[in-house]
Each structure stands twice: as C-alpha cells, then as structure tokens.
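Below is one structure; the comments refer to it alone.
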Amino acid sequence: MTTLLTGIAASNGIAIAKAYRLIEPDLSVSKKEIQDVGAEVARFQSAVETSKTELQAIRDRAEKELGADKAAIFDAHLLVLSDPELLNPIEDKIKNENVNAEFALKETADMFVTMFEQMDNEYMKERAADIRDVTKRVLAHLLGVQIPNPSMVAEEVIIVAEDLTPSDTAQLNRTYVKAFTTDIGGRTSHSAIMARSMEIPAVVGTKQATSTIQNGDIIIVDGLNGEVHINPTPELLKEYEEKIAEYEKQKAEWAKLVNEKTISKDGHHVELAANIGTPKDIDGVISNGGEGVGLYRTEFLYMGRDQLPTEEEQFEAYKAVLEGMNGKPVVVRTLDIGGDKELPYLNLPKEMNPFLGFRAIRLCLEEQDMFRTQLRALLRASTFGNLKIMFPMIATLDEFRQAKAMLEEEKEKLVSEGIAVSDNIEVGIMVEIPATAVLADQFAKEVDFFSIGTNDLIQYTMAADRMNERISYLYQPYNPAILRLVKMVIDAAHKEGKWAGMCGEMAGDETAIPILLGLGLDEFSMSATSILKARSLIRNLSKADMEKLAEEVLQMRTNEEVLQAVNRVVKH
Ligand code: PEP
Ligand code: MG
C-alpha cells in the first residue's frame, strides 16, 4: 500500500527513485567484560582493516570526482588508521582491562581528541577531527551498523534525512541525487535553498520521512504539492509519470522566454536575477535566462571542508562567477555564517539562540583576518566582470561603515601593490533586520543598494524561527506588516536615487511578485528555476494596475486577506 506524507513544497519538480537514508547511526557503546581477549583484539584489527579498505575506495572515488584536495582528507584518515600511537593503546586496553573493543576504542580515541583539541595548534586540532571521524567508521564496523556515504552513491536516489546540513548538501553527487525529503525544515531552510539551487525537487518538514521510509523503497517526491508517496501503486506511478510529462511541457513553454527581457504589459522593465551557492550554478542561471546574479551565497565556499578557503581559492571562485556572467551584474554577499550554517573548524562556542547570535557581519568584523582575505579576493576578481559587494545582517550604520572602511583599506593596499581593482564596485547591504528596514531612509544615504532578505526579515519581524516547521504558519510574506517594511525600504532607496532588490524567497513567489512589482521593486533575485515562470507572469501584468493593488493590500489586516486579494486580481 502506498503511504502518503505531506510536508512543505520546498523546490519545484517531481522525482521518482529509490530512497537513500542519510541518517547518523546510533554509535553509543557500553562497557563489557571480555573473556577471550585475543579474539577481541582480532575483532578490533579486522574492523580497522575493513575501514581501511573502505576509506581507500572512498579516497579513490573522491579523487576522481571531486579532485585531489578533497581526497586528501581521506589520506589523513588512512594515516590515522595505521598509527601505532593510537592503535597500540587500544589493543593494550583490551588486553589489560579485559574490556570490549568498542569501549577501548571510544575511551582511547576520546582521550586523544580532548588532548588535541585543547592544544593551541591548528594542525593538532585538525588531527582531532580526523580521529573523531575515523573512530566513527571503525565503531560502526564493530557494532555492525552502516554509516551512510552519499558521495559513493552510484545510482539514482532520493535522499531521506532528518535534516540536511548545508555541508551535507554540498557533498551530494548531483548526477545521482534526484530529490530530497526531510523531517524538519521550512521553505527557507538552507537544505531547501540548496535543493532549488541544484534544481532538484524537495519536500521538507514531513516530520516522519525517516521513521517511515526504508532504504530502497521507491518514493515519489512531489515538490509542486509538498507530497511524498512511499511505494506507490502502479496506477499512481503512471499518474505521476504523466504529471512529470506535463510539467516538462510547461517548462518548455516558459523556456521560450529565455532570451526575452522582463517587461510588464505597460512597458516597465525589472531585472530577474538568480541566487547561487557555487560557481557551478552559473550554467543554470544562463539556461534559465537570468539577467544577473542577485545573491551569491559565498558561505558554501567555506563549508564541507576543514579549514578556511585561501585568498587564491576564493579569487578563482569569484572570477569564475564574474566571467561566467559575462558582464551582467553579480552581487556577491560576504560570508554569512551562523544560524543554521556552521563552520566546525572555527570552533565557535554553541549559542542559545544562534539566529540571534554571533554571526555574519558580526563575526566578520571581529575575525578581521578572515574577512579581509575575502575582501581582497573579491577586489582582485572585480576586474573580471560587473561586481557588486553586499554585507549581510547589517543592523546598524556603524557596522556598515566599519565593513566598508575595511574594504577601502584593502583596496588601497592592493592598488599600492600594483594590483588592478575596478573603481565602480557598488557596495550595498542586505535588509533582513527590522531595525534596518525602519531606518532605511538613513541607510539609503550611504549604501549603493539594498537587497531585502525576506527569509530573515520575516523570521525576525514575526519572531518565528525559519527552521521550525511547527511554527511555519508564521512565515507570512503577505502579512501587511512585512509588506509595509518592504515598501519603506524600496521608497527609501528611490528617494536617494538608489536601487532596491530582493533576494529572499519571497522574490520568486507568484503571489508576492504582483505586489512587489506594484511597490516598485527594481530587482527580483530567486532560484534560477523560478526565473522563467516569474518572467511569464510579469509580462502579463500591468505595473499601473499592480500599483493600485499594492496600495490596497497595504491597508489590509491579514496575510490571508492579501492572498485572496491577489488571487482575485491575478489569475495564475
Ligand atoms: C534572506 O535572509 O532572505 C537571505 C536571502 O539570506 P539567507 O537565506 O542566506 O539567510
Ligand atoms: Mg539571511
């Protein structure tokens, strides 16, 4: 029998494939007394050997598909597994204390990890991370449980997980991963955003995906309606195959607009840009007719690795994006780490409220070496295209001034070193904190542009965690409270002759677009796959009519009233 799960439609499209559970197994161990210590040592050695063979295979595969630098991580792991300084004490513990291999391994490894982590030495801290990873693998073999390894997948799969961290997502093999579904998360959680950037369907916040779906189950992820069907009947499969065909037809219709401009029925032009996470996403931006990049989330460059990216690595990535966009505008956002995006190697203390914590520009203004490295890489790349730099999570003018001053200082240094830097780089901010929206008239005098980050602006205005699916009803983009803030920002920009864009998910939302057009938004930045649909919609709207609609909805009382008003006026 088919089981149906419902969740939040996080990324468009429909996929049918086998389930692949990406779930951390239970690796808890208990202490046991062992009679035959010889056999226990042999069991330990055999688990080490199996782990080595496995790591060798992963290493070779990583080298082939991801490059030598990613493979190097596994070389380090292999070294740990051959290190007598770690292995001998474990075997001694089994022999001398008559304890089980799992316990001896865990105790010894924990001791080394704690010791290395406390050292004030980056190299040793990395070794601690290696030991932790390797221990997990050997423990899994001893306990007879499997550690999932999505980078080794070699057939089409749908990933099933409790949640996907941004670094999990970054390591997924794009050739084989056809969709994902998760227990938790909302439309604006990073797993959802990544799904849209990878152009694969996703349904998040199903609450029960991991408890209901087994490895190998055939599942349908319907990212248009937020449904997941487990082990569908042949009739349902057929129905979905038809839906996929229909969706493909619709996409072919939109594809005709790929080289068209985005002009309303009454001749008003707006820019439709794309949100990207890596230089690889550029192909999708071009093939979907993006007129620029409105948000390059650079934090993905920093994730899924165990140290900061160098200036050179960053330079190459920024240059690739600027060149790939061939002179079209590219808004690069400086590092926005924190919230649900962690960088374990920065060793930041856990916080009670990470979304309200030491993150994004707050962190960058303190970790100046890290920030200045990024700024230098950006400035050096600036001559390869039309670069605009944007600072995230700006709450005060002082933060903006400090960040801009550092940018100026780095620019002067580069110029004095004889390195070419463009001299018309616009510098703007994300407006995602209500205080900044309210004070937009003052900010507009100093910044070159605004980009409204509604994912965070809504979460902070409604005081509702964007990751928590239990309160996802409070993610209300059409709530007049949000719309009034958006209007304040757009009006403030225009009054100073500046432009206002939006790079939160709301910019690609069919119900929001007519209102935003009416409010005078200049640039809409969305996942690449939403661009053509948005273009088709805007070409059928009159800006003058939408201005009237916007005026009306600003006076309404609820999200629901606004939704209905738009649906009355705009037929989708
Ligand atoms: C936003 O907050 O709207 C935004 C675009 O940034 P992010 O989703 O990366 O926090
Ligand atoms: Mg944000």
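For the peptides 417-423, 85-91, 559-565, the ranking by mean Cβ contacts within 10 Å, running from highest to lowest, is 559-565, 85-91, 417-423. Each Lys or Arg adds one and each Asp or Glu subtracts one; over the other residues with Cβ under 11 Å from the Cβ of ASP110, this totals 0. Surface composition of the range 439-572: carbon plus sulfur atoms contribute 48% of the solvent-accessible area (1.4 Å probe, protein chains only, all chains present). Taking the alpha-carbon centroid of each part, what is the distance from the range 117-152 to the range 475-515 in angstrom? For the range 117-152 versus the range 475-515, the Cα centre distance is 45 Å. Okay, which of the range 23-55 sit inside 17 Å, backbone N to the point 7 Å along the Cα-Cβ direction of GLU97? Residues 28-38, 40-41, 44 fall inside that zone. Remark on GLY226: its backbone amide H falls under 5 Å from those of ALA9, a criterion applied only to residues 5 or more positions apart or on other chains, H modelled at 1.01 Å from N. The stretch between ARG557 and ARG484 holds 25.1 nm of extra length on full extension. This uses 0.36 nm per residue minus the Cα-Cα distance.
Between ALA405 and SER151, the distance separating the two model label sites (each 7 Å from Cα on the Cα→Cβ line) works out to 4.2 nm. Please identify the DSSP H helices in the chain that span no less than 27 Å along the helix axis (Cα) and have a mean Kyte-Doolittle hydropathy of -0.5 or more. The qualifying helices are 122-143. Once the C-beta distance of GLU426 and ASP75 is scaled by a Förster radius of 51 Å, the resulting FRET efficiency is 0.75 to the nearest 0.05. At what distance in nm do the modelled label points of GLU126 and ASP369 sit from each other, each positioned 7 Å from its Cα along Cα→Cβ? With each label point 7 Å from Cα toward Cβ, the separation is 1.4 nm.
With a ≥ b ≥ c the root eigenvalues of the C-alpha gyration tensor of the range 445-484, is it rounded (a/c under 1.5), prolate (a/b larger than b/c) or oblate? Taking the square roots of the gyration eigenvalues as a ≥ b ≥ c, the range 445-484 is prolate. Here MET115 sits with roughly 80 square angstrom of accessible surface, probe radius 1.4 Å.
Here the chain carries DSSP beta bridges of which approximately 30% are antiparallel, counting only pairs with both residues inside.
The Cα center of the range 198-272 and the Cα center of the range 430-463 differ in position by 31 Å.
On the range 322-402, 49 percent of the accessible area sits on carbon and sulfur atoms, based on a 1.4 Å probe. Protein heavy-atom accessible surface, 1.4 Å probe, per residue over the chain: 44 Å². Sorting SER472, SER527 by solvent-accessible area of protein heavy atoms yields SER472, SER527, largest first, with a 1.4 Å probe.
Carbon-plus-sulfur accessible fraction, the range 37-143 (probe radius 1.4 Å, protein heavy atoms only): 52%. Protein-only accessible surface at a 1.4 angstrom probe places the residues TYR318, TYR247, TYR176 in the order TYR176, TYR247, TYR318, largest first. A prolate overall shape is assigned to the range 268-569, the ratio a/c of its alpha-carbon gyration tensor axes (a ≥ b ≥ c) being 1.5 or greater and a/b exceeding b/c. Once all protein chains are placed together, HIS494 keeps about 80 Å² accessible to a 1.4 angstrom probe.
For ALA435 and GLU49, the FRET efficiency from 1/(1 + (r/R0)^6), where r spans their Cβ atoms and R0 equals 45 Å, is about 0.15. With a 1.4 Å probe rolled over the protein heavy atoms of all chains, the accessible area of ILE94, ILE184 falls in the order ILE184, ILE94, largest first. A full extension of the chain between LEU397 and MET115 corresponds to an added length of 97.2 nm, given 0.36 nm per residue minus the alpha carbon distance. Each peptide in 436-445, 21-30 was scored by the mean count of other Cβ atoms within 10 Å over its residues; highest first, the order is 436-445, 21-30.
Extension gain, ASP306 to GLU253: 0.36 nm times the residue separation minus the Cα-Cα distance gives 14.7 nm. When the square roots of the Cα gyration tensor eigenvalues are ordered a ≥ b ≥ c, the ratio a/c for the range 461-572 is under 1.5, which makes its shape rounded.
The values are calculated or read from the model by the stated rules, or taken from the named source; none is laboratory data. A quick note: this is a predicted structure, and the numbers were derived from the prediction, not measured. Positions of Cβ are backbone-derived with ideal geometry, glycine not excepted, and every protein chain shown enters the neighbour counts. Heavy atoms of the whole protein, side chains included, go into the accessibility calculation; ligands, DNA and RNA do not. Shrake-Rupley method; radii C 1.70, N 1.55, O 1.52, S 1.80 Å.
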